[in-house]
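First up is the structure itself, then whatever we jot down about it.
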Amino acid sequence: GTHCHPQYLSSIFRLNKEREAPPLLETMICYRNYNIWKFSRALQFFIFNLLQLTIYAYTSATPETVLFNVRLNELCVGGRVEEAEHLLLNSLACSLSMDENDCLKMGKIVAVECSLDLKWHNVEPDIASFNTVMNGWTKHQRKQVRRRAEDLLKKLQMMSEISQQGDNGADFGGYTYPQPNEVSYNIALNGLAKGGAPEMAEELLAQMEVSDQAWKNPTLISYNTCIDAWACSNSKYAHIKAGNIVKKMIRKGIEPNTITYSNMIRCYRPILAEVDDAAQQCEKILWTMKKKAKESSDPSKIAPNVVTYTSVIESFAKSKHPKAATKADNLFREMLVHEDTPAPNLRTFR
């Protein structure tokens, strides 16, 4: 049912013959008679990666690079991100015909396992390879480890600049490191946000803002991610930082959306029990969203959703405002009665 080019499908069968079986198919065969849940999980991974391969088939990547990216994604989804990064760096070392000392001299990696996986010895990783591993780090179970997405971005940034200097740069055996793109920077921002490093996220955002390269300039997603970083930080100054970011993006002509304002409301959580009007400020943001939705040609982009309403209700629940209970009840009834408001979900009832 896919539209893969025959070259890609023939590569699958060729690699199947050379490597005995692709990793995903091996997993499915092993789990078929072992555990139905694990088999269904393996089948899910297989279908997802087959769809991903179909998408890559329309890009300029070689069949080997496409399958390599699918393998990296499989490792990341399975929680084996460190293995995925080692595989990526090892394939680079092999593509560049470098040994361990050469890699260390170039500053490309701190430590590399040079017992290379010969299955991928002809692969030249592209930007999707790096983005896949970076995205894997953002989903790591340990909070601080998620920041490693930015570390990989910095390595890629440095080596990309060196390899593109032509005759004055380093000799990479004909291989040119891909330039980080907009997705790369947004993934790194997300890693810092989820890793509890809002200051580092804002610093990276500032670097993107001063860049003279258009593709590197921050987008709505970049600003929303940075606000989310402050919302997750539990800092008493988060609401001030978020407000400054929103003012900055409006000056640059980027209009906030529902996610922007919902994240702003979350930034008030650390001060709800201390500042009497904190919950009221959250309610004002809700009113602003309603007003802008009425004036907008596309209300769905700015209209408050169930998360927004629930966050404001929670704000009043934690507030010391004398009329907090009444205000929370009014918002809840508004969600039940009015057709133009979202219906409450399970969290709202809590």
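The values are calculated or read from the model by the stated rules, or taken from the named source; none is laboratory data. The structure displayed is predicted, hence computed values, not measured ones. Here the Cβ is made from the backbone with ideal geometry for all residues, glycine too, and neighbour counts use every protein chain on show. We work out accessible area using only protein heavy atoms, side chains counted, and drop any ligands, DNA or RNA first. Shrake-Rupley method; radii C 1.70, N 1.55, O 1.52, S 1.80 Å.
Observations, loosely collected:
- Accessible surface, region 177-244, averaged per residue in Å² (probe 1.4 Å): 40 Å²
- Percent of Cα-Cα distances greater than 21 Å, calculated over region 195-350: 47 percent
- Low-density loop cleavage sites - GluC sites (Glu not before Pro) in region 253-350, where at most 15 other Cβ are within 10 Å (DSSP): Glu274, Glu339
- The relative contact order of region 219-350, computed from alpha carbon pairs under 8 Å that lie at least 6 residues apart in sequence, is 20 percent.
- Inter-part distance, region 199-225 to region 298-343, computed on C-alpha centroids, equals 32 Å.
- Nearest-10 value in Å² for the accessible area of His338, using the 1.4 Å probe: 100 Å²
- For region 287-350, the solvent-accessible area with a 1.4 angstrom probe is 67 square angstrom per residue.
- Counting only heavy atoms of the protein chains and using a 1.4 Å probe, Asp340 has close to 130 Å² of accessible surface.
- Surface composition of region 194-303: carbon and sulfur atoms hold 53% of the protein heavy-atom accessible area at a 1.4 Å probe.
- Dipole of region 177-248, positive end: most advanced residue of Tyr223, Ser184, Val246 [Cβ charges, Cα centre]: Val246
- Filter on Lys236/Lys318; Lys284/Lys327; Lys292/Lys323 - keep pairs with C-alpha separation over 19 Å: Lys292/Lys323
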